[in-house]
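Below: one structure, written as structure tokens.
The values are calculated or read from the model by the stated rules, or taken from the named source; none is laboratory data. Owing to the predicted nature of the structure, the values given are computational and were not obtained by experimental measurement. Note that we place each Cβ from the backbone using ideal geometry, even for glycine, and neighbour counts take in every protein chain shown. Only protein heavy atoms, including side chains, enter the accessible area calculation; ligands, DNA and RNA are left aside. Shrake-Rupley method; radii C 1.70, N 1.55, O 1.52, S 1.80 Å.
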Amino acid sequence: MARNTAGGHGPDREASPGPRAEEAEPGEDLHAGRPPASAARTRWLEPDELAAWLANSALMISLPAALDARMQREARMTFFEYMVLSVLSEQPAHTLRMSELAARTSASLSRLSHVAGRLEKRGLLTRARVPGAGRRTDAILTEAGYEAVVAAAPGHVAAVREYLIDGLGPQELAALRRIGTAVEAAIKHGRSESGSAAPAPEEGATSRADGPVPPHG
């Protein structure tokens, strides 16, 4: 059988040879009986591994989209805007360095800056340059921003319960936590191996990769 391009098995060893290279259409090697030269080194997914990956892919794509749609419908903010406000709501003085905020929301500084500007225009947060060397900026949650995130929190928690938590038993929740921890550790290891960091911090700032904890959630 042909390889599933989502990460499944490679081409069936019994399959007939594919067309000659000069006759093949672009990308045809992915489905023909003849794999690309690099395919010999690929550890194709077994059926149960592929099924788990496809289910998780749906979770990664569908869950954020559903949370975002519901947040915009009920609170008139995006899910990412809620995450930004939520993280700030739990900080001392409702203030956090932009680089730290980017790390906690798993965002690039450019994306965060764009969203922060949008939230500033709505009066939900302000930004202030930090004196001293380097380009350092604090994000500060306003009173209106705090009221907005507190008002949105119950709906967010209800959505998380409806779409994820309440459909799982104690053992499944424990497994989900272990899976999330293992995936996060693998991603951090990959970043350290490649020498990259996501997101890139501002000069003179530190970063963490902790996820946000929504208020009242």
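Do we have Ser89 as touching a Pro at 6+ places or on another chain (Cβ under 6 Å), at negative phi and modelled with pLDDT under 95 here? First the steps, then the outcome.
Details: touching a Pro at 6+ places or on another chain (Cβ under 6 Å): yes; at negative phi: yes; modelled with pLDDT under 95: no.
In short, no.
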> Across the stretch 63-72, what is the number of residues that are more than 12 Å from the chain's Cα centre (by Cα) and over 11 Å from Ala152 (Cβ atoms)?
Replying inline: 4
> Which one of Val84, Val115, Val130 is among the β-branched types (Val, Ile, Thr), on the phi < 0 side of the Ramachandran plot, out of contact with any Phe, Trp or Tyr (no Cβ under 8 Å at 6 or more places or on another chain) and modelled with pLDDT of 95 or more?
Replying inline: Val84
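Report whether or not Ala144 is in contact (Cβ under 8 Å) with a residue 12 or more places away in the chain, surrounded by 15 or more Cβ atoms within 10 Å (Cβ to Cβ) and out of contact with any Cys (no Cβ under 9 Å at 6 or more places or on another chain). If you could, list the steps in order and put the result at the bottom.
Numbers: in contact (Cβ under 8 Å) with a residue 12 or more places away in the chain: yes; surrounded by 15 or more Cβ atoms within 10 Å (Cβ to Cβ): no; out of contact with any Cys (no Cβ under 9 Å at 6 or more places or on another chain): yes.
No; evaluated as a whole, the condition is false for this residue.
For the stretch 185-195, give me each residue that is under 15 Å from Met60 (Cβ atoms) and either open to solvent by 80 Å² or more (accessible area, probe 1.4 Å) or touching a helix residue (DSSP H, G or I) at 6+ places or on another chain (Cβ under 8 Å) (or both).
Restricting attention to the stretch 185-195, the residues satisfying the condition of being under 15 Å from Met60 (Cβ atoms) are 186-187.
Scanning the stretch 185-195 gives a single hit, Ile187.
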> Does Ser89 satisfy the condition of being open to solvent by less than 40 Å² (accessible area, probe 1.4 Å), polar (S, T, N, Q) and in contact (Cβ under 8 Å) with a residue 24 or more places away in the chain?
Replying inline: yes
> Scanning for something touching a Pro at 6+ places or on another chain (Cβ under 7 Å), closer than 28 Å to Ala58 by Cα and either open to solvent by 50 Å² or more (accessible area, probe 1.4 Å) or assigned to a helix (DSSP H, G or I) (or both), does the stretch 112-134 turn up at least one residue?
Replying inline: no
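Scan the stretch 158-169 and tell me whether some residue there is open to solvent by less than 30 Å² (accessible area, probe 1.4 Å) and within 21 Å of the chain's Cα centre (by Cα).
Within the stretch 158-169, the first condition is being open to solvent by less than 30 Å² (accessible area, probe 1.4 Å), and the residues that meet it are 159, 169.
When the remaining residues are screened for being within 21 Å of the chain's Cα centre (by Cα), the result is 159.
Looking for residues that are open to solvent by less than 30 Å² (accessible area, probe 1.4 Å) and within 21 Å of the chain's Cα centre (by Cα), one finds at least one in the stretch 158-169, hence yes.
Does Leu112 meet the test of being closer than 25 Å to Lys188 by Cβ and in contact (Cβ under 8 Å) with a residue 60 or more places away in the chain? Reasoning before the result, please.
On the way: closer than 25 Å to Lys188 by Cβ: yes; in contact (Cβ under 8 Å) with a residue 60 or more places away in the chain: yes.
In short, yes.
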>> Could you check the stretch 67-86 and list, in sequence order, the residues that are open to solvent by 50 Å² or more (accessible area, probe 1.4 Å) and not in a helix (DSSP H, G or I)?
In response: Arg76
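Among the residues of the stretch 45-64, are any of a type in the set (Ser, Thr, Tyr), open to solvent by 60 Å² or more (accessible area, probe 1.4 Å) and part of a helix (DSSP H, G or I)?
Step one: list which residues in the stretch 45-64 are of a type in the set (Ser, Thr, Tyr), which gives 57, 62.
In the following step, the residues that additionally are open to solvent by 60 Å² or more (accessible area, probe 1.4 Å) were identified as 62.
Add one more test, that the residue is part of a helix (DSSP H, G or I), and what stays is 62.
Scanning the stretch 45-64 turns up at least one residue that is of a type in the set (Ser, Thr, Tyr), open to solvent by 60 Å² or more (accessible area, probe 1.4 Å) and part of a helix (DSSP H, G or I).
Given the structure, is Leu173 free of Cβ contacts under 8 Å to residues at least 60 places away in the same chain, within 27 Å of Lys188 (Cα to Cα) and either among the charged types (D, E, K, R) or surrounded by fewer than 15 Cβ atoms within 10 Å (Cβ to Cβ) (or both)? Please lay out each step first, then the result.
Working: free of Cβ contacts under 8 Å to residues at least 60 places away in the same chain: yes; within 27 Å of Lys188 (Cα to Cα): yes; either among the charged types (D, E, K, R) or surrounded by fewer than 15 Cβ atoms within 10 Å (Cβ to Cβ) (or both): yes.
For Leu173, the condition - free of Cβ contacts under 8 Å to residues at least 60 places away in the same chain, within 27 Å of Lys188 (Cα to Cα) and either among the charged types (D, E, K, R) or surrounded by fewer than 15 Cβ atoms within 10 Å (Cβ to Cβ) (or both) - is met.
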